[in-house]
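Chemist: Can you keep this structure in mind? I'll have questions shortly.
The values are calculated or read from the model by the stated rules, or taken from the named source; none is laboratory data. Keep in mind that what you see is a predicted model, and the values were worked out from it rather than measured. When we count neighbours, we look across all protein chains shown, and the Cβ atoms used for this are built from the backbone with ideal geometry, even at glycine. Accessible surface is based on the protein model in full, side chains and every heavy atom, while ligands, DNA and RNA are left aside. Shrake-Rupley method; radii C 1.70, N 1.55, O 1.52, S 1.80 Å.
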Amino acid sequence: MTENAPVTGPGAAAVLVLEDGRAFRGRSYGAQGTALGEAVFATGMTGYQETITDPSYARQLVVQTAPHIGNTGVNSEDAESRRIWVAGYVVRDPARRPSNWRSEKSLDEELIEQGVVGIQGVDTRAITRHLRERGAMKAGIFSGADAARTDAELVAAVNGQRGMEGSRLAEEVSIDSRYVVEPSDHGWEGEPRFTVAALDLGIKAMTPKHFAQRGVRTVVLPADSTYDDVVAVGADGVFMSNGPGDPSTADAQVALLRKVLDAKKPFFGICFGNQILGRALGFGTYKLRYGHRGINQPVLDRRTGKVEITSQNHGFAVDAPLDGPVTAPEERFGRVEVSHVCLNDDVVEGLACLDLPAFSVQYHPEAAAGPHDSAYLFDRFIDFMADAARSGGGSDDLDATEVSKAPTHAQEEN
């Protein structure tokens, strides 16, 4: 090795470069090389394995605000999907060795195996403050030989990538063919109560589990599925999942959902699914300055006055009036109201159709790790399907307003 050659072994030099030229220098963590994406911060103090395997983080460099990461290692049970989806990983103080009886390997080893480039030893608080002031932005992690390039070359590489606005990513993270999650696989005894067609826009593993634990069979479909595919499943209800990318690109999913609403099939959407419902009703969407990412976001249910602590991961939001109910811009779908708002910034966190059996939330009621304040929403969806079944499979006689406001069994227990 020559005197000026870059260090490329463990602990090699690494640098996080933001599009505005700000740089944070540290040491490599995980794989070495270059990772490009949008820099965002996540505030959860636990659940780092669930975070990095959440498909909603595709093409993003995740900055963990909690200083100690990797203490419990990783295992094969807690992953939310089939692989790590974060484009790069930024931590302050990674664990030198994991200590947990469920650990199968270290986080560092998992990042290396999956080729995820990371950086450690940087001031994640300073990075977070910078992103809060300037907004989420293009960024890159460069380590080993890649970090030896000039600052100008690194900034040029960062700014040469495509931004998140206008990016269509749901199809990239979705499955290629459908699969089924049976209630009997998760402790349910007896026949399934209902069948749900779930569109995988970046679905997390906990979502079908929540349905299964309540006796609902979930048929998970690829993101490019059609209404005919939904009908072929024999679905009692339709679900659209969380996922990455700009909702303004989801024209196919919006068209599918409009057919679902026209048929008055019960519908439930989470995160990206909430944004698609908003678009299907005729509302717009927009990009947030730095988004909501963490497991401690306070949300107000405006109909009950209850405050829920929620898990969230989104950079876009629905642009709908808070002074509802209003008639949807797509008038054939009737009245709609903003059912939930974020108490930090009044961002729309939920939509409820008052003349159709359809609702959605921007946050994650299936949170893992995270609070379970909102798990009752799965029961609310089941109430919609039960009512539709009682009325003969349609919902012409369904008073969606009353069903959406009625307390579920889970709410009564709370």
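Chemist: Is there any pair linking a residue in the range 186-206 that is surrounded by fewer than 17 Cβ atoms within 10 Å (Cβ to Cβ) to one that is basic (Lys, Arg) and not in a loop (DSSP other than H, G, I, E, B), with Cβ under 7 Å and at least six apart or on different chains, and which?
Modeler: Partner pairs satisfying both residue conditions: His186/Lys209.
Chemist: Tell me, yes or no, whether the range 48-67 has at least one residue that is closer than 20 Å to Gln312 by Cα, at pLDDT 95 or above, part of a helix (DSSP H, G or I) and β-branched (Val, Ile, Thr).
Modeler: Taking every residue of the range 48-67 in turn, at least one turns out to be closer than 20 Å to Gln312 by Cα, at pLDDT 95 or above, part of a helix (DSSP H, G or I) and β-branched (Val, Ile, Thr).
Chemist: For the range 161-185, give me the residue count where each residue is buried (at least 21 other Cβ atoms within 10 Å of the Cβ) and either touching a Cys at 6+ places or on another chain (Cβ under 8 Å) or in contact (Cβ under 8 Å) with a residue 40 or more places away in the chain (or both).
Modeler: So the count comes out to 5.
Chemist: Write out, first by first residue and then by second, each pair whose Cβ atoms fall under 8 Å of each other, whose residues are 6+ apart or on separate chains, and whose first residue, in the range 139-160, is free of Cβ contacts under 8 Å to residues at least 60 places away in the same chain while the second is open to solvent by less than 70 Å² (accessible area, probe 1.4 Å) and in a loop (DSSP other than H, G, I, E, B).
Modeler: The qualifying pairs do not exist here.
Chemist: Let me ask you something else. Just to verify a result, which residue in the range 21-58, among those that are surrounded by 21 or more Cβ atoms within 10 Å (Cβ to Cβ) and of a type in the set (Ser, Thr, Tyr), is nearest to Ile203 (Cα to Cα)?
Modeler: Top of the filtered list is Ser56.
Chemist: Taking Gly243, is it under 18 Å from Asn313 (Cβ atoms) and in contact (Cβ under 8 Å) with a residue 60 or more places away in the chain?
Modeler: Answer is yes for this residue.
Chemist: Here is a follow-up. Which one of these does Thr327 not meet: (1) farther than 18 Å from Phe41 by Cα; (2) buried (at least 20 other Cβ atoms within 10 Å of the Cβ)?
Modeler: It is condition (2) that Thr327 fails.
Chemist: Looking for whichever is charged (D, E, K, R), open to solvent by 20 Å² or more (accessible area, probe 1.4 Å) and within 25 Å of Met137 (Cα to Cα) here; the options are Arg289, Arg293, Arg303, Arg258. Which one fits? Talk me through it step by step, then tell me what you get.
Modeler: On the way: Arg293 fails: open to solvent by 20 Å² or more (accessible area, probe 1.4 Å); Arg303 fails: within 25 Å of Met137 (Cα to Cα); Arg258 fails: within 25 Å of Met137 (Cα to Cα).
Step by step, each of Arg289, Arg293, Arg303, Arg258 is checked, and only Arg289 is charged (D, E, K, R), open to solvent by 20 Å² or more (accessible area, probe 1.4 Å) and within 25 Å of Met137 (Cα to Cα).
Chemist: Hey, another quick one. Hey, can you tell me all the residues within the range 68-109 that are part of a loop (DSSP other than H, G, I, E, B), of a type in the set (A, V, I, L, M) and either touching a residue at least 60 places away in the same chain (Cβ under 8 Å) or more than 21 Å from Lys204 (Cα to Cα) (or both)? Walk me through how you get there before you give the answer.
Modeler: Within the range 68-109, the subset part of a loop (DSSP other than H, G, I, E, B) is 70-73, 75-85, 87, 91-92, 95-104, 106.
Add one more test, that the residue is of a type in the set (A, V, I, L, M), and what stays is 79, 84, 87, 91, 95.
Ala79, Val91, Ala95 - these are the residues of the range 68-109 that are part of a loop (DSSP other than H, G, I, E, B), of a type in the set (A, V, I, L, M) and either touching a residue at least 60 places away in the same chain (Cβ under 8 Å) or more than 21 Å from Lys204 (Cα to Cα) (or both).
Chemist: While we're here: Considering the range 230-255 alone, what residues qualify as being surrounded by fewer than 22 Cβ atoms within 10 Å (Cβ to Cβ), of a type outside the set (D, E, K, R) and in a loop (DSSP other than H, G, I, E, B)?
Modeler: Gly234
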